[in-house]
Amino acid sequence: MSDGGDWGALMAAAQAGNGGAYRRLLAELDIWLVRYYARRLPAAVADDAAQEALIAIHAKRHTYDPARPFKPWLVAIARYKWIDRLRTMARQPETELPDTLAVSDHEQGVVGAIVLAELLASLKSAQREVIRLVKLDGLSIAEAAARTGQSESLVKVNIHRGLAKLARIVEERGDAE
């Protein structure tokens, strides 16, 4: 990457129609501009400011005089874009966070997880394992069979019987309440 010494020659070549020189120039200027704005603006807007400056450089490329130094021309554009960005940021009011943030109540999810764990504990281990693999973890019947060493038919039977038992338990608890 150049420190700016070659940039004038690259811009002159770009003005003469050399697309490769122009692409190289813009790539090097992008790196320089990101660093320039990173020291002057919040990180969230530095990349955007660099892109705006590159657009301005592209739009004003015809104003560069190859007989003059490139870097002062570049810094002037970067500085104007920096000032524009500061003005824009000053016009945008900062959003203040309230003293208390509303957080959705996750009690129901926690209670649900506890109840599910209790329900699964009431099953035989083979049933519990395949229900967890297939219904909770999303594995296929074949994947669960390979992981547990059960045949695919046995996995299906264990899921069916386990879910039937869970349904009976839930019904009984519902009647008790």
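The length gained on full extension between A142 and E96, counted as 0.36 nm times the residue separation minus their Cα-Cα distance, comes to 11.3 nm. Listed values for segment 84-89 are Karplus-derived 3J(HN,Hα) couplings in whole Hz (6.51 cos²θ - 1.76 cosθ + 1.60, θ = phi - 60°), namely 4, 5, 4, 4, 4, 5, and x replaces Gly and Pro.
Taking 7 Å steps out from each Cα toward its Cβ at V34 and V157 produces label points 6.1 nm apart. The phi torsions of segment 46-56, fed into the Karplus equation with coefficients 6.51, -1.76 and 1.60 and a -60° offset, translate into couplings of 4, 5, 4, 5, 4, 5, 4, 5, 4, 5, 5 Hz, rounded to whole numbers, with Gly and Pro shown as x. When the Cα positions of L26, A13, L86 are compared along the charge dipole of the chain, A13 comes out farthest toward the positive end, with charges on each C-beta of Lys, Arg, Asp and Glu. Can you give me the Cα centroid spacing of segment 16-71 and segment 102-177 in angstrom? Cα centres, segment 16-71 to segment 102-177: 59 Å.
Straight-line cross-link partners of K165 among the lysines, defined as a Cα under 27 Å from its Cα and at least 8 positions apart when in the same chain: K124, K135, K156.
Between the amide H of R40 and any residue lying 5 or more places away or on another chain, no distance stays under 5 Å, with hydrogens modeled in the peptide plane.
Work out the length of the dipole vector of the chain about its Cα centre, built from +1 on the beta-carbon of each Lys and Arg and -1 on the beta-carbon of each Asp and Glu, and round it to the nearest 20 debye.
Working: 24 positive and 23 negative charges, 170 e Å.
Dipole magnitude for the chain comes out near 820 debye.
Bear in mind these aren't lab numbers, they're just calculated from the coordinates by the rules spelled out. Bear in mind the structure is a predicted one, so any value in this text is a computation, not a measurement. Heads up, the Cβs are rebuilt from the backbone with ideal geometry, glycines too, and the neighbour counts pull from every protein chain shown.
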